[in-house]
Amino acid sequence: MNESDILGKLGEELLEEGIKSRWVPISRWKEIRDEINQVLDGLTDPGILKYIGTCYDFDIEKSLENPRSLLILSIPKSKVRFNFNYDGEEIEAIVPIGYLNLSYVKDRIEPILERSLGANGFKFASLQIPKKLLAVKSGLARYGRNNITYVEDAGSYFQLMTYASDLPVEDHEWHEKRVMKMCEKCDLCLRNCPTGAIDGSRFLLRAERCLTYFNEEESEIPDWVESSWHNCLVGCLRCQDVCPANKKVSRNIIEGTTFSGEETEILMRVSKIEDFPQALRKKVEDSELSILYPVLPRNLGLLLGVL
């Protein structure tokens, strides 16, 4: 099977799973990396720089020797709704896409890659590189005014994943940064961002003001962040929930676990999962909420209006 046939077969199999994909030659990585580095050079917030340094690895050859191409994928996902009983009420708490079911997504994709790439003698490896710019320039996605990426039919309810491969790729799409056309006459995300992170005077998000930036980290949340702004168990969905591009998908919700009043009290009071009663610990781990530690107790208290 030649390279073109492999690419075609793989693309079809991914689409059957609802997964859209784009391939680009590895030479495009330098352009992406240089543009990202220009942005990083303009950042001064040490917290953001530390976050980027922790989450991403720009050295692709650590993952795969002599890579020849990059594959970027968009996997449709839904937010997850948990329920917490507190003070006589059952209160909903949403976890946005991108936090849970991460291993499931990888387990779903890599057997497909193995059948098409591995079976034909080509190697592949997952990457921890910034993905949004690659998704837009490859034609897979477009930016929204809120600096989040959107994919046709999926809105912003998808997870991006990237892989390096030694499969050679020549024909590919490549674009300048593109924003959705509907954003030209719409400012709903800007008007609904509680912290002012979306700025009409610039394209880049003011990450240092983003609610997600604060509630993903253990550091103290600034006093100027009002308690009423908290709307998720982690992260924020204010700009995405009002976006017209998400009209068809924003109601896609997976029902998660419900916690009793006693369990909710323990979740807010006890900071280490190891100190939970065994049944509650299993419940938290099975629901994957353990991924949100150590910030979950604080965030739950903020969402419930206790802190």
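A cut-off under 13 angstrom between Cβ atoms defines the neighbours of residue 82, and their net charge, with Lys, Arg +1 and Asp, Glu -1, is -3. Placing a label point 7 Å from the Cα of residue 27 along the Cα-to-Cβ direction, the residues of the range 156-196 whose backbone N falls under 16 Å from that point are 167-175. Loop only by DSSP, 11 or fewer other Cβ within 10 Å of the Cβ. Give me the GluC sites (Glu not before Pro) in the range 191-279 that pass, ordered by residue number. Answer by residue number: 218, 220, 226.
Dipole size of the chain about its Cα centre, with +1 on Lys/Arg Cβ and -1 on Asp/Glu Cβ: approximately 820 debye, rounded to the nearest 20.
Basic side chains Lys and Arg get +1 at the Cβ, acidic Asp and Glu get -1 at the Cβ, and with that the dipole of the range 206-272 about its Cα centre reaches some 520 debye.
Counted by neighbouring Cβ atoms within 10 Å, the residues 269, 206 run from fewest to most as 269, 206. Work out the charge dipole of the chain with +1 on the Cβ of Lys and Arg and -1 on the Cβ of Asp and Glu about the Cα centre, then indicate which of 303, 2, 94 is farthest towards its positive end. Result: 2.
For a 22 Å ceiling on Cα separation, which of these pairs sit above it: 20/132; 30/137; 131/177; 137/247; 62/123? Too far apart for the 22 Å limit: 137/247.
If you keep only loop residues by DSSP, which chymotrypsin sites (Phe, Trp or Tyr not before Pro) in the range 175-266 have at most 11 other Cβ atoms within 10 Å of their Cβ?
On the way: sites: 203, 213, 214, 224, 229, 259; in loops: 203, 224.
Those that pass, being in a loop and sparsely packed, are 203, 224.
Readers should treat all values here as calculations from the given coordinates under stated rules, not as data from a laboratory. Everything quoted here is computed from the prediction, not taken from an experiment. Here the Cβ is made from the backbone with ideal geometry for all residues, glycine too, and neighbour counts use every protein chain on show.
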